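Read through the structure below, which is laid out as structure tokens, and then see the notes.
What follows is calculated from the coordinates using simple rules that are stated; it is not laboratory data. Owing to the predicted nature of the structure, the values given are computational and were not obtained by experimental measurement. Here the Cβ is made from the backbone with ideal geometry for all residues, glycine too, and neighbour counts use every protein chain on show.
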Amino acid sequence: MKIEVLGMGCPKCHALEANVKEALKNLNLEAEVEKVADLSKIMAYGVMTTPALVIDGKVKSAGKLITSDEIAKLLK
């Protein structure tokens, strides 16, 4: 599983990355977590607002900070 956190480095982007790691830990899952700050890569997903969460190439959330519980539901 590959998880990408899209964002330019704002506090919410960092918080989303932390929430992803917490959700993975709580579910006892392993995944490749990548922080993507390259604007062209972010735009390639069609994301206009960050932070955004991409799981296995599919945008699951954009423009809001979701909790680790919400992320866990997406990962199940």
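Report the antiparallel proportion of the DSSP beta bridges in the chain as a percent, rounded to a multiple of 5.
Numbers: 8 of 13 bridges.
Antiparallel bridges make up about 60 percent of those DSSP assigns within the chain.
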Original post:
At q = 0.25 Å⁻¹, what log₁₀ I(q)/I(0) does a Debye calculation on the Cα points of the stretch 2-75 give, no solvent, two decimals?
Top reply: -1.15
**OP:** Compute the long axis of helix 11-27 from its Cα atoms, compare it with the longest principal axis of the Cα atoms of the chain, and write down the angle in degrees, 0 to 90, nearest 10.
**Re:** 30
Original post:
Relative contact order of the stretch 2-75: what whole-number percent is it, with Cα pairs under 8 angstrom and at least 6 residues apart?
Top reply: 42
**OP:** Work out the length of the dipole vector of the chain about its Cα centre, built from +1 on the beta-carbon of each Lys and Arg and -1 on the beta-carbon of each Asp and Glu, and round it to the nearest 20 debye.
**Re:** 180
Original post:
Roughly how many nanometres apart are two label points built 7 Å out from the Cα toward the Cβ at ALA18 and LYS64?
Top reply: 2.0
